[in-house]
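The values are calculated or read from the model by the stated rules, or taken from the named source; none is laboratory data. The model shown is predicted, which means the values in this text are computed figures rather than measured ones. Virtual Cβ from ideal backbone geometry, glycine too; neighbours counted across all protein chains shown.
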Amino acid sequence: MSHSYDRVALIGLGLIASSMFWAMKRAGLAGEVTGYARSQETRDTAREIGLCDVVYDTAAEAVAGADLVVLCVPVGAMDSAAREIAPALKQGATVSDVGSVKRAVINAVAPHLPDGVHFVPAHPLAGTEHSGPRSGFAELFDERWCLIVPVEGSDETAIATLERFWQKLGSKTDRMAPDHHDRVLAVTSHAPHLIAYTMVGVADDLSRVTDSEVINYSAAGFRDFTRIAASDPTMWRDVFLNNKDATLEILGRFTEELFALQRAIRKGDGDLLHDYFTRTRAIRRDIIDAGQDTDAPNFGRSKT
Ligand code: NAP
C-alpha cells in the first residue's frame, strides 16, 4: 500500500497516539513515524516498547521534515504544543490534532502556524478509559467515526489526504464544522461523562452503602458509569473547560428532564415513564443498527 505521508510526527504519546502508531504500522501507512512526549518517563517507555520509529527529546526535532504532524496532547496543552513545533515545521506540511473539542483547539493552534502549513483538525470518536503510551492498540479506530473539521481556508488536497489516512487507520470519516462538532459532542460524549462522574461521586458519598456493596453489586448500570468515570482526569478537565457553553446548555436541558422524570416518579405517572423509556430504547436500537455498539449483555466488553 502506498504511504499517505512519508514522515509522520506524533506529539504526545498516550492512548490515541500509540493507537495511531500501531494502526499505521498495521496498514503500512507511513514511511517513518517520529514521536515526542514531554516526560522522560513516557519517552523511555515509548523507546522500550517500540512506539515510534524514533523518539526525540524535543518536539521541534520530532516534527522536522514531517509531512503530517498530529498533536495528541490534552486540549489545554494544544497552545503550547503548537508554539513549540511552529518554527520547525516543513513548508507544505499538514498539522492536525485529535482533541475532543474543536473550536478551542483551533483558536489555540491556528495563530501559531506559519504560512504554507496546512491545518486540518480532526477528532477520532474512539477511546477507552485507559491512558498512556502502553494503552494503545491497532484496532481502536476500526469502524469508528473520525470527524474531520476543516478550518476556513483549509486546502482541499490536504483535507482529502488526511481523510484517506484516517480511513486506512480503520475509521469512517465525515466532515463537520467546528461549532457544530462541539455541540454534537456535548450531547454524545461530554455531558454523559459528567453525568457518569456525578453518579459515581454520589455512590461514593453514600455512607449507608458500604464500599464492598457498591463494588460487589455494581452490575446493574453502575458498572458502566464507573468505566466512563475512570477516564483520564486531565483530559476531561480540559474538555469541560474548553467546551463550556455547549456542555452547560446540554446539562441545563438534562436537569429539566431529570426534574420531569423525578416529578413523574413522585406522582406515580407510570405512563410518562413508560413512554420515555420506550423512546430511549429505540435510540439504543439505532446505535446498534449503525454498528456503533453490540447488543451483547455485557456491551461487548470483556469481564476484566
Ligand atoms: P493520554 O493517554 O493521557 O496521553 C496524553 C499525552 O499528552 C501524554 O503523552 C502526555 O505526556 C502528554 N501531555 C499531557 N499533558 C501535557 C501538557 N500539559 N503538555 C504537553 N504534553 C502533555 O491522552 P489521550 O487519551 O491519548 O488523549 C490525547 C488527546 O486525544 C486529547 O486531546 C483528548 O481530548 C483526545 N481524545 C481522547 C480520547 C480518549 O478517549 N482518550 C478519544 C478521542 C480524542 P506525558 O506522558 O509525558 O505526561
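Each row is one residue, and each column tells you yes or no for (1) of a type in the set (Ser, Thr, Tyr); (2) within 27 Å of residue 104 (Cβ to Cβ); (3) in contact with a Ser or Thr (Cβ under 7 Å, 6 or more places away or on another chain); (4) surrounded by fewer than 18 Cβ atoms within 10 Å (Cβ to Cβ).
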residue	(1), (2), (3), (4)
3	no, no, no, yes
10	no, yes, no, no
17	no, yes, no, no
27	no, no, no, yes
35	no, yes, no, no
42	yes, yes, no, no
60	no, yes, no, yes
72	no, yes, no, no
82	no, yes, no, no
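Conditions tested, residue by residue: (1) within 14 Å of the ligand (Cβ to nearest atom); (2) closer than 20 Å to residue 3 by Cβ; (3) not aromatic (Phe, Trp, Tyr).
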| residue | (1), (2), (3) |
| --- | --- |
| 114 | no, no, yes |
| 131 | yes, no, yes |
| 135 | yes, no, yes |
| 146 | yes, yes, yes |
| 169 | yes, yes, yes |
| 174 | no, no, yes |
| 177 | no, no, yes |
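Of 102, 172, which residue is within 17 Å of the chain's Cα centre (by Cα) and without any contact (Cβ under 8 Å) to a residue 40 or more places away in the chain?
When all the criteria are applied, what remains is 172.
Answer with yes or no whether residue 79 is in contact (Cβ under 8 Å) with a residue 12 or more places away in the chain and not assigned by TED's automatic domain parsing to the domain that holds residue 189.
Yes: the conditions hold for residue 79.
Condition (residue is closer than 19 Å to residue 245 by Cβ and either surrounded by fewer than 20 Cβ atoms within 10 Å (Cβ to Cβ) or in contact with a Leu (Cβ under 6 Å, 6 or more places away or on another chain) (or both)) applied to the range 168-177: is it met by at least one residue?
Yes - at least one qualifying residue is present in the range 168-177.
Here is a list: 163, 152. Which entry is at pLDDT below 95, farther than 30 Å from residue 216 by Cβ, outside the structural domain of residue 247 (by TED's automatic domain parsing) and not aromatic (Phe, Trp, Tyr)?
Of the residues listed, the single one that is at pLDDT below 95, farther than 30 Å from residue 216 by Cβ, outside the structural domain of residue 247 (by TED's automatic domain parsing) and not aromatic (Phe, Trp, Tyr) is 152.
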